[in-house]
2 protein chains.
Amino acid sequence: MRWDELEEEPCSMARTIGVIGDRWTLLILRECFLRTRRFEGFQSALGITRHLLAERLKKLVRQGVLRRIPYQESPKRHEYILTQKGLDLYPIMMAIVHWGDTHMVDERGRPLLHQHRKCGKNFDPVMICSECGEPLSAKEVHTHPGPGARSTPAINAPEKPKAPEKPKAKARRSAA
Amino acid sequence: MRWDELEEEPCSMARTIGVIGDRWTLLILRECFLRTRRFEGFQSALGITRHLLAERLKKLVRQGVLRRIPYQESPKRHEYILTQKGLDLYPIMMAIVHWGDTHMVDERGRPLLHQHRKCGKNFDPVMICSECGEPLSAKEVHTHPGPGARSTPAINAPEKPKAPEKPKAKARRSAA
DNA sequence: ACCCTACAGTTCTAAAAACGAACTGTCAAA
DNA sequence: TTTGACAGTTCGTTTTTAGAACTGTAGGGT
C-alpha cells in the first residue's frame with residue numbers, strides 16, 4: 001500500500017493518516033502550533049534534514065494544511081501558516097499530548113501543563129459526545145456504514161465474525 | 001533524530017509519536033479497535049508485509065499497548081489484545097477519524113457514522129476542558145512548563161521571540 | 001502414511017526513503 | 001568584498017520497506 005493509495009480509501013482514518021501519519025509531519029505540525037513559521041525555524045528546532053523538511057512542507061501546502069505566505073520581497077521569503085484545516089488538527093495534537101502525559105511521563109512529571117484561558121485552570125482534554133455531552137470510550141460507540149461507505153473499515157465497525165476469521169489467504173480486504 | 005531518541009524527549013507529543021507515529025502502526029491500531037486480534041487478520045486486512053507486521057506487533061507489545069495472549073496450545077498461537085494503555089488511544093483515533101470526516105470526504109459523504117449507545121444518536125467527538133467543560137481550541141489554551149520540563153517544547157508554549165528567531169545555525173534546540 | 005491447508009512467523013534480495021553534508025542563489029550589513 | 005541570514009537543491013551513503021519465498025507445527029481428509 002503506497003502513500004497516495006491511502007488517501008483514496010473509504011476510511012477517514014486512512015485518509016487522515018495519508019496526510020499526517022508520519023513522524024516528521026507530526027513534529028512539524030507541533031512546531032506550527034508552537035508558532036514556528038519559517039524554514040530555518042523548523043529545521044533548527046527539529047534537526048530534520050533540509051531535504052525532507054522542504055518536501056514535507058510542500059506536501060502540507062498541497063494538502064491545504066499550511067499556507068505559504070510571502071513576508072518579504074527583497075529575496076523572496078515565505079512563511080508557513082496553519083490554515084483552518086490545519087488548525088482543526090488541534091484536537092488530534094491535544095489527544096496525542098494527553099496520552100503521552102498519561103502514559104509516557106517519567107518520575108519528574110509532565111513536561112508541561114495546559115491552562116484554559118477562559119476558566120484559568122490547568123486542564124486535561126476530555127472527549128465527549130456532541131449529542132448528549134457524555135465522555136466517550138471505545139465500548140460505548142457503535143459504528144455503522146455512512147453514505148460514503150464501500151466496505152466497512154473503521155473504528156468499531158459493526159459485527160465481524162469472531163471465530164471464523166479465515167480470509168482465503170492472500171485475499172486482501174477489498175478496501176481496508 | 002532516531003526513533004528511540006524521540007521517546008526520551010521532554011515532550012509528551014514526541015514520546016507518543018515514538019510509539020504510534022508511523023503509518024503502519026496507526027493502521028494496525030485501527031484494526032485492533034475493529035476487533036482484529038490475529039496475525040493473519042492484520043495481514044490480510046492491511047496488506048502489510050509479514051515482516052513489518054511482526055516487527056510492529058513486537059514493538060507495540062514491548063511498549064505495553066498490546067498484550068500477547070495464547071489462545072491455543074497445539075501449535076502455540078497468540079492473539080494481540082489492546083491493554084488499557086492501548087484502549088486509551090481511543091480519543092486519538094476518534095480525533096483522527098473526525099478530522100478526516102470533516103476535511104477528507106468526497107461527494108459521497110463520510111464512510112461511516114458513529115452512534116453513541118447511551119443516547120442512541122449519531123455524533124461527532126468534541127474535545128472539552130476537564131475543568132469548565134467548554135470546547136477547546138488552540139487559541140484558548142496557554143501552555144507552561146510542568147515539573148518534567150527541561151526546555152519548553154509543546155503545543156502553545158509560552159512566548160517565543162517572534163521577529164529575531166535566529167538560532168546560531170546548526171544549533172539544535174537542546175531538546176525538541 | 002501422505003498431502004493439503006491454516007497459522008505465525010523468519011529470511012532474503014531489490015527498491016524506496018531518509019540521512020548528511022555540501023552547494024546554489026539573493027540580498028543586507030560590515 | 002566578505003560574511004552571514006535565509007530558503008532551498010543536489011548528491012552519495014545508509015536504513016527501511018516491499019515482495020516473495022521458506023520454516024515449522026498441527027488438524028483433516030483419503
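The values are calculated or read from the model by the stated rules, or taken from the named source; none is laboratory data. For clarity, every value in this text was computed on a predicted model and none was experimentally measured. Reconstructed Cβ throughout: ideal geometry from the backbone, glycine too, with neighbour counts over all protein chains shown. Side chains included, ligands, DNA and RNA excluded: accessible areas come from the protein's heavy atoms. Shrake-Rupley method; radii C 1.70, N 1.55, O 1.52, S 1.80 Å.
Annotations for the structure displayed:
- Scanning the range B:77-105 for residues that are open to solvent by less than 40 Å² (accessible area, probe 1.4 Å), away from DNA strand C (no atom under 11 Å from the Cβ) and over 17 Å from the mean Cα position of the chain (by Cα) yields B:ASP101, B:MET104.
- Residue match in the range A:26-37 (condition: away from DNA strand C (no atom under 12 Å from the Cβ), closer than 25 Å to B:THR16 by Cα and open to solvent by 40 Å² or more (accessible area, probe 1.4 Å)): yes
- For the range A:104-147, residues that are hydroxyl-bearing (Ser, Thr, Tyr) and either under 23 Å from B:ALA149 (Cβ atoms) or touching a residue at least 12 places away in the same chain (Cβ under 8 Å) (or both) total 1.
- Any chance B:LEU26 is in contact (Cβ under 8 Å) with a residue 60 or more places away in the chain and within 13 Å of DNA strand D (Cβ to nearest atom): yes
- Within the range B:64-76, considering residues that are surrounded by 12 or more Cβ atoms within 10 Å (Cβ to Cβ) and touching a Lys or Arg at 6+ places or on another chain (Cβ under 8 Å), the one nearest to B:ILE20 (Cα to Cα): B:VAL65
- Complete set of residues in the range A:62-75 that are farther than 17 Å from A:GLY41 by Cα and more than 16 Å from DNA strand C (Cβ to nearest atom): A:GLY64, A:VAL65
- Restricting the range B:3-13 to residues that are more than 11 Å from the chain's Cα centre (by Cα), within 8 Å of chain A (Cβ to nearest Cβ) and in a helix (DSSP H, G or I) leaves a set whose member that is nearest to DNA strand D (Cβ to nearest atom) is B:TRP3.
- Scope the range A:1-20; condition modelled with pLDDT under 95 and surrounded by fewer than 24 Cβ atoms within 10 Å (Cβ to Cβ); matching residues: A:MET1, A:ARG2, A:TRP3, A:ASP4, A:GLU5, A:LEU6, A:GLU7, A:GLU8, A:GLU9
- Residue within the range B:16-30 that is closer than 23 Å to A:GLU5 by Cα, hydroxyl-bearing (Ser, Thr, Tyr) and at the interface with chain A (Cβ under 10 Å from one of its Cβ atoms) present: yes
Residue by residue, here is whether (1) hydroxyl-bearing (Ser, Thr, Tyr); (2) out of contact with any Pro (no Cβ under 8 Å at 6 or more places or on another chain); (3) over 21 Å from B:MET93 (Cα atoms) holds:
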position: A:ARG35; (1), (2), (3): no, yes, yes
position: A:ARG38; (1), (2), (3): no, yes, yes
position: A:SER44; (1), (2), (3): yes, no, yes
position: A:GLY64; (1), (2), (3): no, yes, yes
position: A:HIS78; (1), (2), (3): no, no, yes
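- Of the residues in the range A:132-147, not one is hydrophobic (A, V, I, L, M, F, W, C) and under 30 Å from A:GLN43 (Cα atoms).
- The helices (runs of 4 or more DSSP H) found wholly in the range A:31-140 and carrying at least 3 residues that are assigned by TED's automatic domain parsing to the domain that holds A:VAL19 and within 14 Å of DNA strand D (Cβ to nearest atom) occupy A:39-46, A:50-62.
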